[in-house]
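Here is the structure we will look at, set down as structure tokens.
The values are calculated or read from the model by the stated rules, or taken from the named source; none is laboratory data. Just so it is clear, the structure is predicted and the values come from calculations on it, not from any experiment. Cβ placement follows ideal geometry from the backbone for every residue including glycine, while neighbour counts extend to all protein chains displayed. Heavy atoms of the whole protein, side chains included, go into the accessibility calculation; ligands, DNA and RNA do not. Shrake-Rupley method; radii C 1.70, N 1.55, O 1.52, S 1.80 Å.
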Amino acid sequence: MLDFSLTDEQKAVRDLARDFAKNEMIPNAEHHDKTGEYPLEILKKAWGIGLMNIHIEPEYGGAGMGDLDEVIMNEELFAGCSGMATAMLANNLALAPVLVGASHELKKKYLAPMAEEFQICAYAVTEPGAGSDVAGIRTTAKRVGDDYIINGSKMWITNAGYANWMFVLTKTDPSAGHKAMTGFIVDAKAPGVIVGKKEKNMGQRCSDTRGVTFEDVKVPASNMVGREGEGFKIAMAAFDHTRPGVAMGAVGVAKAAMEHSIRYANTRNSFGKPISVNQGVSFILAQMARDVEAGRLLCYQAAWMIDQGYRNTYQASIAKMFCADMCMRVCTDAVQVFGGYGFNEEYPVEKLMRDAKIFQIYEGTSQIQRVIVSKFLNDGKGIEGPNV
Ligand SMILES: Cc1cc2nc3c(=O)[nH]c(=O)nc-3n(C[C@H](O)[C@H](O)[C@H](O)COP(=O)(O)OP(=O)(O)OC[C@H]3O[C@@H](n4cnc5c(N)ncnc54)[C@H](O)[C@@H]3O)c2cc1C
């Protein structure tokens, strides 16, 4: 039996995020977009009311919420300001491999403090020479006694300038492929961690992305996430948890663009009547509604599956691919509905169109999602889930 209704708890989560977006994010979004200022105080407030790090298990002082809770939350937060929401989301991204693969001791060391005080973390996987091809990373970790020494460079690391710690993917055998990859938690203040300047990006401008260099950074072996050689598997498993949430972020941005477009189309007159009475315009709005509804359901499905213990890699990639591409399309159409005003930074859809683009790039590009889905379709192994 299918049931599309949210529980009272899920409605409470949605309303909390919706109110936060309305009261804290939307009024400040333009300022942070124009200045690129990191929304530190807003994030602290979000942490204070339980909107950050929601997956930390109760054993470590967290709320132990599921991926469906995050998806519900993300629709509202990303509709508020996707730059700020990405800064919040990057914590979940860094936490995911730790939740998936870390020992009890490591969780106690790094997760328990995050439940007690406001902390930021970062997921450091991409390198200047390896993004989509994660197995091509060159950062090395060499065992020396009870420690590992890390050397290498990471690129585009969200939250890097504010992080207390980073999940860093390395190669413990540089000549080997993905089976030699190992993840570590690295303290951001450790000697040899060099954080670069904030990048100036097209959109989501208040989110903090930087390069990070590791020069002979000493990390205790006990900071290894999982076992040596398990890093690739753990980093990919983390995506099964995070991709539904990112995909729903794209739905949130698309929903905001749609709502602005509907309001504008009903108030802007041309030829003596609102532009919305023209089928050429109202069909654009109808397609936006169709796409937002479809995207939301794909995200709910992908998140629900992993919460229920099903493997959701295929569904998460479908959701990420559809929602990212859909968001770009809807935001481009929103600019079209606004006409010349849509192209101007005084109107909200210009920011939304700039913000939308990154969904097709981070956490696996839209092409990489197609690669993943194609593999499921072609390798004969089949797709898991409750109805296959
Ligand atoms: C704002 C921002 C924030 C980010 N945050 C983080 C973060 O917090 N942590 C982190 O680790 N990384 C982060 N990233 C990095 C992001 O995940 C990568 O940029 C992304 O995975 C793509 O890698 P790339 O840029 O090296 O592009 P490439 O891998 O070089 O790809 C270039 C183009 O080729 C296409 N392509 C590559 N391989 C294939 C293929 N096999 N088939 C078809 N097409 C292909 C891609 O789709 C893309 O269009 C961030 C990036 C940005 C811009």
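Tell me the label-point distance for the pair Ala12, Ala115, using the 7 Å Cα-to-Cβ offset, in nm and rounded to one decimal.
Modelled inter-label distance: 1.7 nm.
What percent of all Cα-Cα pairs in the stretch 121-231 falls in each 10 Å bin, counting up from 0?
Bin by bin from 0 Å, the calculated values are 16, 50, 28, 6, 0.
Rounded to the nearest 10 Å², what accessible area does Asp69 have for a 1.4 Å probe in the complete protein model?
30
Below 8 Å between Cα atoms, with a sequence gap of 6+, how large is the relative contact order for the stretch 8-116 in percent?
34
Could you identify which residue out of Ala221, Ala316, Ala256 has the top mean-square fluctuation in a GNM of the chain using Cα springs shorter than 10 Å?
Per the Cα network of the chain with a 10 Å cutoff, Ala221 tops the list.
Treating the stretch 295-350 as a set of equal point scatterers at the Cα positions, no solvent, please give the Debye-formula log₁₀ I(q)/I(0) at q = 0.19, 0.23, 0.24, 0.28 Å⁻¹.
Scattering profile of the stretch 295-350, log10 relative to I(0): -0.66, -0.78, -0.81, -0.97.
Long-range amide H contacts for Asp147: which residues qualify at under 5 Å (H placed 1.01 Å from N, peptide plane, sequence gap of 5 or more or a different chain)?
Close amide H contacts, sequence-distant or interchain: Ala221.
Given the whole protein assembly as supplied and a 1.4 Å probe, what does the accessible area of Met166 come to in Å², nearest 10?
0
Calculate the translational D of the stretch 1-112 in whole µm² s⁻¹ from Stokes-Einstein, where the hydrodynamic radius comes from the Kirkwood formula applied to all Cα pairs, the temperature is 20 °C and the viscosity 1.002 mPa s.
Approximately 144 µm²/s, per Stokes-Einstein.
For a distance above 37 Å, tell me the whole-number percent of Cα pairs in the chain that qualify.
20
What longest range of the chain stays clear of loop-exposed GluC sites (Glu not before Pro) (DSSP non-H/G/I/E/B, at most 10 other C-beta within 10 angstrom)?
Answer from the scan: 118-345.
In the full protein assembly as shown, how much of His260 is accessible to a 1.4 Å probe, in Å² to the nearest 10?
Approximately 50 Å² for this residue.
Can you return the lysines within cross-link range of Lys320? Criterion is Cα-Cα under 20 Å, with same-chain partners fewer than 8 residues away left out.
Result set, ordered by chain and number: Lys233, Lys255, Lys357, Lys375.
Can you tell me the 0 to 90 degree angle between the C-alpha axis of helix 8-20 and the longest principal axis of the chain, rounded to 10?
Roughly 80 degrees, rounded to the nearest 10.
Can you sort Phe359, Phe343 by 1.4 Å-probe accessible area, starting with the largest?
Listed by decreasing accessible area, they come as Phe343, Phe359.
Multiply the residue separation of Asn378 and Asp216 by 0.36 nm, subtract the distance between their alpha-carbon atoms, and state the gained length in nm to one decimal.
Contour length minus Cα-Cα distance gives 54.0 nm.
Translational D (Stokes-Einstein, µm²/s) of the stretch 238-378 at 10 °C and 1.306 mPa s when Rh comes from the Kirkwood sum over C-alpha pairs?
Taking Rh from Cα pairs, D becomes 102 µm²/s.
Can you tell me which of Thr172, Thr267, Thr313 moves the most in a GNM of the chain? Springs connect C-alpha atoms under 10 Å apart.
Looking only at Thr172, Thr267, Thr313, the biggest GNM fluctuation is shown by Thr267.
Over the Cα atoms, compute the radius of gyration (one decimal) and Dmax (the largest Cα-Cα distance, rounded to a whole number) for the stretch 45-165, in Å.
Considering the stretch 45-165 through its Cα atoms, Rg and Dmax are 15.6, 49 Å.
In percent, how large is the relative contact order of the chain, given Cα pairs closer than 8 Å and 6 or more residues apart?
16
Quick check on the chain: helices-only [θ] at 222 nm, where DSSP H runs of length 4 and up contribute -39,500 (n - 2.57) each and the sum goes over total residues. Nearest 500, please.
Estimated from H runs of four or more residues: -17000 deg cm²/dmol.
Would you mind calculating the relative contact order of the stretch 121-231 from Cα pairs under 8 angstrom and at least 6 residues apart, reporting the percent as a whole number?
Value for the stretch 121-231: 32 percent.
Tabulate in residue order the Karplus-calculated ³J(HN,Hα) for the stretch 101-106, using 6.51 cos²θ - 1.76 cosθ + 1.60 with θ = phi - 60°, rounded to whole Hz; enter x for Gly and Pro.
x, 7, 6, 4, 5, 5
Going by average Cβ neighbours within 10 Å, how do the peptides 320-331, 93-104 rank, with the highest at the top?
320-331, 93-104
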